[in-house]
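Written below as structure tokens is the structure these notes are about.
Every number in this text was worked out from the coordinates using simple rules, so none of it is lab data. Being a predicted model, the structure only gives us computed values, none of them experimental.
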């Protein structure tokens with residue numbers, strides 16, 4: 001029975017870690033999306049606004065898109081490592 005109890009406890013711990021991870025990822029994805037949405041709305045609300053402000057907003061949007069891209073690439077890398085596909089892809093690309 002001790003082994004089953006330890007496995008059950010370990011399983012619960014892993015589920016908790018997974019839930020925390022997903023919560024963090026959700027927050028990390030939502031943050032740049034919120035900035036992108038806000039600055040896009042500012043640009044749309046005043047299409048003929050100050051050029052300096054428009055360029056600043058576009059630079060912020062561009063930076064947030066880069067941030068999202070990096071996060072998604074990191075998630076893809078984690079997924080490949082988790083499923084073991086990273087080694088398979090390296091093997092295929094080296095042929």
*Stretch residue 77-residue 62 to full length: gain in nm at 0.36 nm per residue minus the Cα-Cα span?*
3.1 nm
*Match the structure shown to one of the listed values (1) 32, 27, 24; (2) 50, 32, 23; (3) 71, 42, 14 of Cα extents along the principal axes in Å, computed from it, and give that label.*
(3)
*Hey, got the Cα dimensions of the range 1-56 along the principal axes, in Å, largest first?*
72, 15, 5
*Which whole-angstrom value gives the distance between the alpha carbon centres of the range 1-54 and the range 59-74?*
13
*Computed helical MRE - 222 nm, the chain, DSSP H runs ≥ 4 contributing -39500 (n - 2.57), nearest 500*: -32500 deg cm²/dmol
